[in-house]
1. What are the pairs, 6+ residues apart or on separate chains, where a residue within region 263-278 that is part of a helix (DSSP H, G or I) has its Cβ under 7 Å from a residue that is surrounded by 17 or more Cβ atoms within 10 Å (Cβ to Cβ) and of a type in the set (Asp, Glu)?
2. Here are Arg6, Arg42: which of them is more than 22 Å from the chain's Cα centre (by Cα) and at pLDDT 95 or above?
3. Answer yes or no: is there a residue in region 217-227 that is under 21 Å from Val257 (Cα atoms) and either open to solvent by less than 40 Å² (accessible area, probe 1.4 Å) or of a type in the set (Phe, Trp, Tyr) (or both).
4. Of everything in region 236-249 that's in contact with a helix residue (DSSP H, G or I) (Cβ under 7 Å, 6 or more places away or on another chain) and either at pLDDT below 95 or part of a helix (DSSP H, G or I) (or both), which residue is most open to solvent (accessible area, probe 1.4 Å)?
5. Could you check Arg168 against (1) part of a helix (DSSP H, G or I); (2) near the ligand (Cβ under 9 Å from one of its atoms) and say which number it fails?
6. What are the residues in region 171-196 that are open to solvent by 30 Å² or more (accessible area, probe 1.4 Å), within 13 Å of the ligand (Cβ to nearest atom) and either closer than 18 Å to Phe121 by Cβ or not aliphatic (A, V, I, L, M) (or both), if any?
7. Examine region 232-243 for a residue that is closer than 18 Å to Ala39 by Cβ and not hydrophobic (A, V, I, L, M, F, W, C), and state whether such a residue exists.
8. What is the residue count in region 197-209 for residues that are assigned to a loop (DSSP other than H, G, I, E, B) and open to solvent by less than 20 Å² (accessible area, probe 1.4 Å)?
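The values are calculated or read from the model by the stated rules, or taken from the named source; none is laboratory data. Quick caveat: nothing in here was measured; it's all calculated off a predicted structure. Cβ sites come from the backbone with ideal geometry, for glycine too, and all protein chains shown count toward neighbours. The area values use the complete protein model at the heavy-atom level, side chains included, leaving out ligands, DNA and RNA. Shrake-Rupley method; radii C 1.70, N 1.55, O 1.52, S 1.80 Å.
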Amino acid sequence: MKAVGRTGDAGTNGEPAVATYAVLGDPVSHSLSPTIHNAAFRAGRRRARYVARQVSAQECGPVLRELALKGGGGNVTVPHKERVVPFLDRQSPAVSATGACNTFWAEDGLVWGDNTDVEGFLEAWAATVDGMSGGLRALVLGAGGAGRAVVWALLQAPRVERVLLWNRTPGRAAALALQFSDNRITPVREHRDVGAEVLVNATSVGLDGRGRPVDLASLRTVPRRIIDLVYGRGPTPLCRQARELGIPAVDGRDMLVRQAEAAYARWFGEPPPRGVMARALGSQDW
Ligand code: ATR
């Protein structure tokens, strides 16, 4: 599946019009997507602009289709990622498996959707486990939408021997494990005694810059790597503790850039100029 590069409808003076891409969400004004995508559009010399659009539950599907069919596209964020799926004409395996869409565009008059959060996580995983040997056990905290994308990604990732899934509400972890029916997934009630090489935080704890989903020092086996999907102004509380303990850790900024690079590649058929999005994010005052 590959998007055809496009520049929008013809303008009145024969110049191609500027295509509009948007992140659809509610609320959405805090989104960093316009900053990083507009930087990539400029660097990649695309005739396109990227905006944030606050849309209601009723609006999100029709707006998505209109943007795509006019030659643009975009992203979907909280709380509409699941809601827009019925409005797609074609969906990627990642959308089918996770029930969520974060990237859309049109090809040959059909609206396509993908979930590049999966690809973003897979790339972060590959970078994280580079240099580690043998089969790996991952402890995933959180069985909401983010947890579901992480668990499915892990089942596609190389060298994953076991996925231990913890959730504050245990029934959600059990339901998610049942949904994927892969015997490498084990829901766990208590995470302190679980031994895993990599810990992934897919809960929303830490978004406020204060809470930690787990006290790493209290774990019987301390993980060797941390992937925190949360991001904020500085390092998350979990990443701060990891660094104090000498554990390599990445936070959600890493995945934000990776999923955005994957989205750009869907729209234009090639990746954005290297490093542009990461630099745009790094220089952003937020
Ligand atoms: P998302 O799509 O971002 O995953 P979500 O579906 O609302 O959002 O899920 C949020 C996740 O964070 C859930 O796993 C939630 O646990 P519950 O299923 O028990 O609600 C988890 N979470 C939120 N606040 C938490 C807290 N204070 N401690 C532990 N887990 C928390």
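1. Arg266/Asp114; Met277/Glu261
2. After ruling out the rest, the residue left standing is Arg42.
3. yes
4. Only one residue fits best here, namely Gln241.
5. (1)
6. Correct list: Gly171, Arg172, Pro187, Arg189.
7. No, that holds for no residue.
8. 2
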